[in-house]
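Each reported figure results from applying straightforward, stated rules to the coordinates on display, with no laboratory input. A quick note: this is a predicted structure, and the numbers were derived from the prediction, not measured. Here the Cβ positions follow ideal geometry from the backbone for every residue, glycine too, while neighbour counts run over all protein chains shown.
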């Protein structure tokens, strides 16, 4: 196939050429006269599964022939039989990670000042990554121990204690090696055998940059073979000798897109002139390649812009088919991309969105759903976000903590729960009824006993309640266990939950692609569990969530064949008619280097490890290849969710170069690029804007028929009727109530209920006002029983301690004036002229020696002032009027000498009702007038009529569409029939 050569045989494919097509074309040109068996013996090594599929697709286009063997370079780690190598199989990465975590845990126990225990698995992962890199690059622990750390000995001493953990995993041992170590050892053995007995058939490494040490070693071995060759993707043939010569210092040149090729040429002892064109296929945009190549020159030679920029000629051709989209927000960016992809479907072309920003790709996918277009996303779906992944994560969370109402309903409502039988309908019905019960009555931490009490005498409901009680309760006391036991209990609970209370098995948990993937991950963890040791349930949950979050479920053949979403790795050797480079902001593309807790840049260089800038250089190479397509979009959002963004350094370089070449039309070309992007942004904005503006809703004042108006009101609802009549309309006429929160909150209403109970028990028990200990004992019991949050309970107890003395001082006066106390007294009276029944539940009514009534109401919130009671808050005034008219059967008609609000709060105010200004008879007459007016058909229930503040919240603001109107707007009555 290849003629003899004195040096390594290396070829390149320039940016903008379909790499897979060019590879096959070059093979056909060189191997045309070869026999079928020679084709079948040819080996091609590639670096991604997607590239292997793409090459086979090109071959499948015909003509029919025996295909070469196409293998992944990473498969060398599993290669054993063909070479008869005496190298044990690679250890599972998960097992190695668990083993490392055991060592790290012991170190943290011995020296807890090194790091918090919560960082256990993060440190283990970081050590595993470092160990993989060291083994792949051929760096031994001795290289780290010999580093010059004179200027950072404090940090290095701490890091060294962790790094010593990985030392036993290096060197010649009989133990199973890690995957990276085994791959390097296989490559070393393979290279040694090839040096003695080189194979006669062609062996080609295609599409790899050789950025990893083991891969580079393999490429060197292949390049020395008589029929070996390397084909480099995206090789820049336009770079002059001066630029190649400038890339000698890894510390300054690592981030250049062509640096990895320069490093490989040094290893192979060749020059860039020794690299030939694999095919004669020319790039689709030759002029653009030259422009981009110049814009990406390394920093030491950026001055060449001044010299070589004018040589580019007219830049109109270079920027033809290039669009720059600078959107105001990520959403606008996603909508513009989706609109262009939609047009690509109509045009029948292949369009690819390339971006490392998964949030952007999800937004684009959501925007495409408008047209029922599902893109072919190479990244798949994170397993943790699939139904089985979510269920397994939720089930893991209930161990080691009390069951909450929220977690209970999350599990019961999951689509996989009770998926094993045919009676899922009753399960969903019972779940709904239980939810409404828990929202209204609690408890915040349900138990099996509370489920049984809720079910009552219904046998079917009792069976279901017993099932969830047995299944989901009593898991809070799980202590440290072996990892295998944690996993067994976890999976058993998940399977029983999915099976349902009348079925066995695992329901639909392990079905479909995502279920099978989840089962495979759990099986891998089960196989390695013996290396996990004993761990707490909290550590197990963190470990399981991390493992499942690292897995992805592929979605082959689910999306549109011409609308593609690629990561930067998949895009390196792909081709499309339209290429969209999305999320081109610094920190996204390129991504910010991950912090290294072990070694800084200088130490990495001295040790022979990879620099953080390596990833930036690879991203730059991806960008250089992708921007060389026929039609290319560069998109970015000017602002993220919380701050202004910075354009990607490569976009900055390109725009700066264009702006600096006005003589070649660079500034005009850039303006046209932006104008094309602005046109698409405008179309996307127009598409997302309503074609007709809907008029805002008026301020409502519904007027229902008189017969439908409320005929029962409590004294506390009179205030609402005056201040916000619409709330009475919603509750009493429409019969709507706000849904109680699923998770009980430690809020002011709850505190008010507890404080009322405390004071009622204290007074009912007949305690003297001097008995402070009894009051605090009752307070302790009530807060313990009704407030399950320890911190809030302690705070409320402290507030009660402060209020106790003031309350008891006032209570002494109240007890001195009273001969009898009545607590929680119910009253009811019907107003004959209007037919409305007024009800009341008085907190406390005392009787004096003269048989007069003293009315008291406890307030834990703000106490209404006298003027507020005169105009709005009529509660005590109405209670007094009801007492004098015999509304309380236990009292009968009797005069009221005083009514008071007793504040049990920070201010501890006691405010008298203005009985002298608003006598009960006068209040009653006003009430009759108020109800008479509400019998007028034209009187509407106006929303937010006289609220105390514009900031006051009503449960029915959304129903009245408050926000579309203001409180200064006139209400619009609407007579209802």
Once the Cα atoms of helix 153-163 and of the chain are each reduced to a long axis, what angle between those two axes, in degrees from 0 to 90 to the nearest 10, is obtained? 80
Using 0.36 nm per residue, how much length does the chain from residue 926 to residue 66 gain when fully extended, once their Cα-Cα distance is taken away? 299.6 nm
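Ranking 346, 460, 596 by Cβ neighbours within 10 Å, fewest first, what do you get?
If I rank by nearby Cβ atoms, fewest first, I get 346, 460, 596.
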Proxy reagent accessibility, fewest Cβ within 10 Å first, across 188, 333, 551: 188, 551, 333
Can you sort 194, 371, 278 so the residue with the fewest Cβ neighbours within 10 Å comes first? 371, 194, 278
I need the peptides 7-19, 635-647 ranked by packing, meaning the mean over residues of other C-beta atoms within 10 angstrom, with the highest value on top. 7-19, 635-647
Obtain the nm distance between the two label points defined at residue 605 and residue 663 by a simple spin-label model: each point lies 7 Å from its Cα along the Cα-to-C-beta direction. 3.7
Regarding segment 383-553, what whole-number volume in Å³ per residue does the convex hull of its Cα atoms give? 101
By how many nm would the segment from residue 949 to residue 358 lengthen if fully extended, with 0.36 nm per residue of separation less the alpha-carbon distance? 208.4 nm
Could you order the peptides 789-795, 685-691 from most to least packed, using the average number of other C-beta atoms within 10 Å per residue? 789-795, 685-691
Shape of segment 566-667 from its Cα gyration tensor (a ≥ b ≥ c, root eigenvalues): rounded if a/c is under 1.5, otherwise prolate when a/b > b/c, or oblate? prolate
Decide, for segment 1-74, between rounded, prolate and oblate: order the square roots of the alpha carbon gyration tensor eigenvalues as a ≥ b ≥ c, take rounded if a/c falls under 1.5, and otherwise choose prolate if a/b is larger than b/c, else oblate. rounded
Percentage of interatomic Cα-Cα distances in segment 93-175 larger than 23 Å: 22
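Tell me, in nm to one decimal, what length is gained between residue 885 and residue 401 on full extension, where the rule is 0.36 nm per residue of separation less the Cα-Cα distance?
Here the segment from residue 885 to residue 401 would lengthen by 168.8 nm.
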Compute the distance from the alpha-carbon center of segment 374-453 to that of segment 636-695, in whole Å. 45
Between 0 and 90°, nearest 10: helix 213-223 axis offset from the chain longest Cα axis: 30
Using the C-alpha gyration tensor of the chain, what are the square roots of 5 times its eigenvalues, in whole angstrom, with the largest one first? 73, 36, 27
Nitroxide proxy distance, nm - points 7 Å out along Cα→Cβ at residue 306 and residue 546: 5.3
Whole-angstrom gap from segment 587-619 to segment 253-296, using each part's C-alpha centre: 22
Shape descriptors of segment 617-704 over alpha-carbon atoms, Rg and Dmax in angstrom, are 21.2, 76
Under 8 Å for C-alpha pairs, at least 6 residues apart: give me the relative contact order for the chain, rounded to a whole percent. 14
Note the angle between two axes, namely the Cα long axis of helix 613-626 and the longest principal axis of the Cα atoms of the chain, as a number of degrees from 0 to 90, rounded to the nearest 10. 80
Is the shape of segment 812-968 best called rounded, prolate or oblate, per the rule: a/c under 1.5 gives rounded, else a/b larger than b/c gives prolate, else oblate, with a ≥ b ≥ c the square roots of the Cα gyration tensor eigenvalues? oblate
So, by mean Cβ neighbours within 10 angstrom, what's the order for 926-935, 613-622, 374-383 with the highest one leading? 613-622, 374-383, 926-935
Rounded to the nearest 0.05, what FRET efficiency is calculated for residue 737 and residue 519 with R0 set to 41 Å and r the Cβ-Cβ distance? 0.40
Please list, short to long, the whole-number percent of alpha-carbon pairs of segment 649-780 in consecutive 5 angstrom bins beginning at zero. 2, 7, 8, 7, 7, 7, 7, 7, 6, 5, 5, 5, 6, 6, 5, 4, 3, 1, 1, 0
Under the helix-only model (-39500 (n - 2.57) for each DSSP H run of 4 or more, divided by the residues of the chain), the mean residue ellipticity at 222 nm, to 500 deg cm²/dmol, is -14000 deg cm²/dmol
